[in-house]
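What follows is a single structure, written as structure tokens, with notes after it.
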Amino acid sequence: MKQGIRDIVAQMTLQEKCAFVCGLDKWHTEPIERLGIPSIMMTDGPHGLRKIVEDGHTVQATCFPAGAGLASSWNRDLIKRVGAAIGEEAQAEEISIVLGPAANIKRSPLCGRNFEYLSEDPYLTGEMAKSHIQGVQSQNVGTSLKHFCANNQETMRMRVDEIIDERALREIYLAGFETAVKEAAPATVMCSYNSVNGTPLACNKRFLTDVLREEWGFDGFVVSDWGAIKQRAECVAAGLDLEMPGTKGTFNDEIEAAVLNGTLPESKLDEAVEHILSFVLDAAKAQKKGASYSKEEHDRFAREAAAECMVLLKNEDELLPFNSSDTIAVIGAFAETPRFQGGGSSHIQPNKVTSLLDALKEQGRRFTYSKGFSLESDELDEALAAEALDAARKAGIALVMAGLPAHYESEGYDRVHMQLPPNQNKLIARLCAEGVRVAVVLSNGSPVELPWADWVDSILEAYLGGQASGAALADLLYGEANPSGRLAETFPMRLQDNPSYLNFPGAQNRVEYRESVFVGYRYYEKKELGVRFPFGHGLSYTSFAYETLRVSKERMNERDLLSVSVTVRNTGKRSGQEVVQLYIAAPDVQA
Ligand code: GLC
């Protein structure tokens, strides 16, 4: 294939090469009819297809749980199946690349895109990202592992220079990408907007060529984040292959001039053309003509996936699952209009949306509903509160659908605090003071402070659970499904406890990652600092015993492989899933 590609490139004029490494428009690559090179289409996103057509409208697709939830499943096979379903839909829509997974580390809970990202831990990030890539690419559709690298904040994202030490780069910010590249071979990698240690990623040879290609063996093509390129010829030299979106030839002359005046070796331009062309020709062959998928089947799967992604954080005296004989006072508009996805480029037009109220009615549950609080204003509306309190007194059990309104978090900006809207906190406190049983469901893309956590009976973290989140919630709340999610990020007691607190989001286009490798639980554990809910935490409606832990060796040296096994026994009355977690650390070597 390589030689065939080279033969085609040898027939291309310099102008054709310059045009080919710049996109045709927002979503397509440049065709070269003269040589029979087709254009291919790429679209977002990490948890479902966002195909925008000529008139600007977005084609409907299945909206799966967002990354924060998917990673909380800790289930490689589930993520692969989600990826495969997205790949099926991409084939049906003749899309050749789906721009995801989004694998940036959650350095601060405030990052506006944390809902889309996977974890604070690089190992879990890598395992989930590689599984997503394997799933989508199993359908002969490409992916774009993004945003390479260290796009850990939205504030100043197009120009911020991140100062990161080598150890933190290698062990935290690159490690997940390394796993995904080496074990799943994504068709493309998308460079991030930001700079690292003084050089924009779009023209950062060290990362795009030395690390990505020469160290890790990446052999796909590198695509820019949309609008990330400033010095086009420099970017080609550094290893940035395709500029997106197309800029109608704005930069073609710059590349041509650089080749003609010798500042850009034509061989570098040829390499970029070859990387893109290799995929484009494969993609054209990989398209399954007339492909289709079952919306109903994908919606059913989205419900199953959402139930696996939710995390039972607290369940005092087993208030959950509810009995079908219970009457529940459901409080909060998220029950009626669910918050099931995030804002920005990952936003999907779902095939269908099932709210919790829809699902409770369908399952014939006994409940009352009251709005309780506004999602538009943070002020507590006394009339709404009074109605909710009255309903809770009558029912004896309150289910509060709390969480972050859409405008609290999104791509494009970061949060400035970690609190829920004050009206929600106030109402939950009043409900607890009433002496009724209180369960809280959280719909949020990233950690929140929970000042009432000790007063309520149960807390279920639903994250942004996709179009079927309401049905999945009903399944979990009444025990049709058993929660098995585990937190992929720490919920600190308060924002000030987070290790990035003093250095986020930086200022004057510069941010220093002074906490180095002490990100997330690595910091809290080292400092022995209490947290609200730790990384890896999650409860079940059943219980498990761990027995006969075995290790293959008592002592080992640097390169040894150690295998560890344990018997997990379900000691409860219902089936369930357990996530076995093994934490290892180098012995304390006295310097
Ligand atoms: C955005 C995002 C990226 C997305 C791209 C195309 O700016 O950063 O994740 O894939 O543009 O929408």
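None of the figures in this text is laboratory data; all of them are computed from the coordinates on show. No experiment lies behind these values; they were computed from the predicted model shown. With ideal geometry, Cβ positions are generated from the backbone for all residues, glycine too; neighbour counts draw on all protein chains shown.
In this rough spin-label picture, where each label sits 7 Å from Cα along the Cβ direction, the Ser374-Ala284 distance is 5.7 nm. The modelled label-to-label distance between Leu582 and Phe544, using points 7 Å beyond Cα along the C-beta direction, is 1.4 nm.
The GluC sites (Glu not before Pro) found in the stretch 321-388 that occupy coil by DSSP, while having at most 16 further C-beta atoms within 10 Å, are Glu336, Glu376, Glu379. Note on Gln11/Met158: beta-carbon distance plugged into 1/(1 + (r/R0)^6) with R0 of 41 Å gives a FRET efficiency of 0.65. Taking each of Lys106/Lys182; Lys130/Lys361; Lys106/Lys314; Lys248/Lys268 in turn, the alpha-carbon distance tops 28 angstrom for Lys130/Lys361.
For the stretch 467-587, take the alpha-carbon Rg, divide it by the Kirkwood Rh, and send me Rg/Rh.
On the way: Rg = 19.5 Å, Rh = 18.2 Å.
With Rg and the Kirkwood Rh in hand, the quotient comes to 1.07.
Taking only the alpha-carbon positions of the stretch 17-124 and ignoring solvent, what does the Debye formula give for the base-10 log of I(q)/I(0) at q = 0.13, 0.16, 0.19, 0.20 Å⁻¹? Calculated log10 I(q)/I(0) at the listed q: -0.60, -0.82, -1.00, -1.05. Pairs of alpha carbons in the stretch 33-188 separated by more than 24 Å make up 33% of all such pairs. Taking all C-alpha pairs of the stretch 335-451, those more than 16 Å from each other amount to 64 percent. Projected label points at Ser292 and Arg34, each 7 Å from Cα along the beta carbon direction, are separated by 4.1 nanometres.
Which FRET efficiency value, to the nearest 0.05, is calculated for Arg300 and His57 with the Förster distance at 30 angstrom and r the Cβ-Cβ distance? Approximately 0.70, to the nearest 0.05. For the chain, a crude dipole built from +1 on the beta carbon of Lys and Arg and -1 on the beta carbon of Asp and Glu, taken about the Cα centre, is about 780 debye to the nearest 20. DSSP assigns beta bridges within the chain; of those with both partners inside it, close to 35 percent run antiparallel. Excluding same-chain neighbours fewer than eight residues apart, the aspartates and glutamates reachable from Lys80 by a Cα-Cα span under 13 Å are Glu88, Glu127. One compactness figure for the stretch 165-262 is 1.11, namely its Cα radius of gyration divided by 2.2 N^0.38 Å. Sparse packing (at most 12 other Cβ atoms within 10 Å of the Cβ) combined with a DSSP loop state is found for the following trypsin sites (Lys or Arg not before Pro) in the stretch 490-591: Lys553, Arg555, Arg559, Lys573, Arg574. In plain terms, if you count all Cα to Cα distances in the stretch 410-458 and split them into 10 Å steps from zero, the share in each step is 22, 52, 20, 6, 0 percent.
For the chain, the list of Cys residues with no other Cys C-beta under 4.7 Å reads Cys18, Cys22, Cys63, Cys111, Cys149, Cys191, Cys309, Cys432.
Hydrodynamic radius of the chain by the Kirkwood approach over all distinct alpha-carbon pairs: 25.1 Å. Relative contact order of the chain: 18 percent, from C-alpha pairs under 8 Å at least 6 residues apart in sequence.
If you take the alpha carbon atoms of the stretch 413-493 and fit the smallest convex hull around them, that volume is 122 Å³ per residue. Between rounded, prolate and oblate, where does the stretch 124-222 land on the alpha carbon gyration tensor, with a ≥ b ≥ c its root eigenvalues, rounded for a/c under 1.5, else prolate if a/b exceeds b/c? Prolate, because a/c is 1.5 or more and a/b exceeds b/c.
Show me the helices of the chain, taken as full DSSP H stretches, that run 27 Å or more along their long axis by Cα and average -0.5 or above in Kyte-Doolittle hydropathy. Helices meeting the span and hydropathy rule in the chain are 266-286. Binning the C-alpha pair distances of the stretch 394-436 at 10 Å intervals from 0 yields a P(r) profile of 23, 42, 23, 10, 1 %, listed from the shortest bin outward.
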